[in-house]
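> Input: one structure, supplied below.
No lab work stands behind these numbers, since they all come straight from the coordinates. Since this is a predicted model, take the numbers as computed values, not measurements. Quick reminder, even Gly has a Cβ in these numbers, built from the backbone with ideal geometry, and neighbours come from all protein chains shown.
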Amino acid sequence: MALDQRLLEILACPNCRGDVEYLQAEQIIVCRGECGYRYPVRDDIPVMLIDEAEKP
């Protein structure tokens with residue numbers, strides 16, 4: 001099961017408020033804004049917590 005497209009349209013990076021992109025093969029959401037943080041997706045649920053993010 002993939003993430004809902006409507007959810008992806010409203011998500012923003014909690015760190016810099018930038019746009020995000022879902023990379024399904026890697027199961028991550030990547031910030032395309034200033035910070036470039038990478039947020040995990042677990043069981044089709046985005047974990048949009050700064051403490052959980054992989055920092056560049």
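> Scanning for something loosely packed, with under 15 Cβ neighbours inside 10 Å and of a type in the set (A, V, I, L, M), does segment 26-44 turn up at least one residue?
No, there is no match, as no residue in segment 26-44 is loosely packed, with under 15 Cβ neighbours inside 10 Å and of a type in the set (A, V, I, L, M).
> List, please: which pairs have Cβ atoms under 8 Å, are six or more places apart or on different chains, and start with a residue in segment 10-27 that is free of Cβ contacts under 8 Å to residues at least 60 places away in the same chain and end with one that is of a type in the set (D, E, K, R) and part of a loop (DSSP other than H, G, I, E, B)?
Correct list of pairs: ALA12/ASP19; CYS13/ASP19; CYS16/GLU34; GLY18/ARG32; GLY18/GLU34; ASP19/ARG32; VAL20/ARG32; GLU21/ARG32.
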